[in-house]
Amino acid sequence: MKIAFVGKGGSGKTTLSSLFIRHLAANEAPVVAVDADINQHLGAALGLDDADAAALPALGAHLPLIKEYLRGTNPRIASADTMIKTTPPGRGSRLLRVTEDNPVYEACARTLLLDGEPVRLMATGPFTEADLGVACYHSKVGAVELCLNHLVDGPDEYVVVDMTAGSDSFASGMFTRFDMTFLVAEPTRKGVSVYRQYKEYARDFGVSLKVIGNKVQGPEDIEFLQDEVGEDLLVTVGHSDWVRAMEKGRPASFELLEATNRLALQALQDAADDSYAHRDWERYTEQMVRFHLRNAESWGNARTGADLADQVDPEFVLREGLGRTERVGETADPDALVSPRPHRHRPAPQPA
């Protein structure tokens, strides 16, 4: 399951995403955690000290390797240089899976032990001095989007992405890459404003959205959130001594997290698991293609000097059960990585 945590800056989304990751690890579930926020706080929330958090490899810095690996032997992609963040997979592409070992994870992921349970952590990487004034943040998260486009995950496997704050994720198609999106909202007017934006933007894309009410102090806060977000309110979370200790760098064993908060985290997992029944790989692939064509026309064709619409394999649908990935240097069988579309008329995808 692919799960995003979003919310305005300061809402507590990084803290809650880290608690959810710890909860999944405590349940011995395979987890890949991705820090896609410009502030890069997820590593620290998962227990890394400042030096180790700063030493995490940056996905953006390994973009050439990522592109070359994922390209595989896809005949529609002439070179890795013509791949952009929205390039979809096709026959011959290499795919990523949660539990495998591959060169992308080897270069870009580090394994953390959370109370003895392993979690893979990946990070976009922070802005560098060279980026200031010449690069936008979305160029950094492009590597995350490309990996999600090539990711095949199944039930009881989890990819948890701590997204950039506010509604910035709508500047790309990445907001459609998730089975479940958890929006963290404080019980204030500003706290629910991002929810309204997200709800409106996501309306036409089938995005599954649930709200976590954070920093709730009493019944009045809960009533406010219920009035503002209605049935999208899934759980509420209040003060946590365990979290305060964690933020001081002195976390206790995760099993000592307050029982009410453990129940809230289980509710998040249940909601994510329930969304699996509604997974639609055809829609997922079509949305991927839609945003690729939109980006190709807007800037990708000019940037690469190629017609990137040619990268779309009209007979390919990303789904579970496709052929296993190959290692660098091995030959991929293009026909092993295809799931045919049903032969029915479908209009060409158009930009949103």
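The values are calculated or read from the model by the stated rules, or taken from the named source; none is laboratory data. Note that this is a predicted model, so its numbers are computed, not measured. Glycine gets a Cβ as well: all are built from the backbone with ideal geometry, and neighbour counts include every protein chain shown. The area values use the complete protein model at the heavy-atom level, side chains included, leaving out ligands, DNA and RNA. Shrake-Rupley method; radii C 1.70, N 1.55, O 1.52, S 1.80 Å.
With the Cα gyration tensor of the chain in hand, convert its eigenvalues to equivalent ellipsoid semi-axes via √(5λ) and list them largest first in whole Å.
Listed largest to smallest, the semi-axes of the chain are 33, 23, 20 Å.
As a test question: what accessible area, to the nearest 10 Å², does His41 have when a 1.4 Å probe is rolled over all protein chains in place?
110 Å²
Tell me, what is the 1.4 Å probe accessible area of Asp270, in Å² to the nearest 10?
Estimated to the nearest 10 Å², Asp270 gives 70 Å².
Could you tell me how far the Cα centroid of the range 62-81 sits from the Cα centroid of the range 267-302, in Å?
Centre-to-centre distance over Cα atoms comes out at 20 Å.
Using DSSP, restrict attention to beta bridges with both residues in the chain and report what percent are antiparallel, rounded to the nearest 5.
Around 20 percent of the beta bridges assigned by DSSP in the chain are antiparallel ones.
Can you compute 3J(HN,Hα) from phi for each residue in the range 54-61, using the Karplus curve 6.51 cos²θ - 1.76 cosθ + 1.60 with θ = phi - 60°, rounded to whole Hz and x for Gly and Pro?
For the range 54-61, the Karplus curve yields 5, 8, 4, x, 8, 4, x, 6 Hz.
Which one of Gly305, Tyr284, Thr181 is farthest out on the positive end of the charge dipole of the chain, using unit charges on Cβ (Lys, Arg +1; Asp, Glu -1) and the Cα centre as origin?
Selected residue: Gly305.
Note the angle between two axes, namely the Cα long axis of helix 13-26 and the longest principal axis of the Cα atoms of the chain, as a number of degrees from 0 to 90, rounded to the nearest 10.
Approximately 80 degrees, to the nearest 10.
For the range 212-255, what is the largest minus smallest coordinate of the Cα atoms on each principal axis, given in angstrom and ordered from greatest to least?
Answer, in whole Å and largest first: 37, 17, 14 Å.
Using unit Cβ charges (K, R positive; D, E negative) and no other charged atoms, how large, in debye to the nearest 20, is the dipole of the chain about its Cα centre?
Magnitude of the dipole: close to 780 debye.
Show me the trypsin sites (Lys or Arg not before Pro) within the range 233-295 that DSSP assigns to loop and that have at most 15 other Cβ atoms within 10 Å of their Cβ.
Lys248
In the neighborhood of Gly154, defined by Cβ-to-Cβ distances under 9 Å, what is the net charge if each Lys or Arg adds +1 and each Asp or Glu adds -1?
Within the 9 Å Cβ shell, the charges total -3.
In terms of modelled amide H atoms, which long-range or inter-chain residues lie less than 5 Å from the amide H of Val159?
Lys2, Ile3, Val32
I want to verify a result. In a Gaussian network model of the chain, Cα cutoff 10 Å, which of these has the top mean-square fluctuation: Ala277, Ala80, Ala165?
Among Ala277, Ala80, Ala165, the largest GNM mean-square fluctuation belongs to Ala277.
When the convex hull of the C-alpha atoms of the range 1-127 is computed, what volume per residue in Å³ does it have?
Roughly 120 Å³ of hull volume per residue.
Please give me, ordered by residue number, the GluC sites (Glu not before Pro) of the range 232-323 that lie in loop per DSSP and have at most 14 other Cβ atoms within 10 Å.
When the GluC sites (Glu not before Pro) of the range 232-323 are filtered for loop state and at most 14 Cβ neighbours within 10 Å, Glu315, Glu320 remain.
If you line up the long axis of helix 189-202 against the longest principal axis of the chain, both from Cα atoms, how many degrees apart are they, to the nearest 10?
Between helix and principal axis, roughly 20 degrees.
Heavy-atom accessible area per residue, the chain, 1.4 Å probe: how many Å²?
Ligands and nucleic acids excluded, the figure is 45 Å² per residue.
Per residue of the chain, what 222 nm ellipticity follows from adding -39500 (n - 2.57) for every DSSP H run with n ≥ 4, rounded to the nearest 500?
-10000 deg cm²/dmol
For the range 146-258, what's the radius of gyration and Dmax over Cα atoms, in angstrom?
16.0, 44
Rounding to the nearest 10 and keeping the result within 0 to 90°, find how far the Cα-based axis of helix 259-275 lies from the longest principal axis of the chain.
Helix 259-275 sits at roughly 30 degrees to that axis.
Using a 1.4 Å probe on the protein heavy atoms, what percent of the accessible area of the range 137-260 belongs to carbon and sulfur?
Looking at the range 137-260 in its full context, I get 45 percent from C and S.
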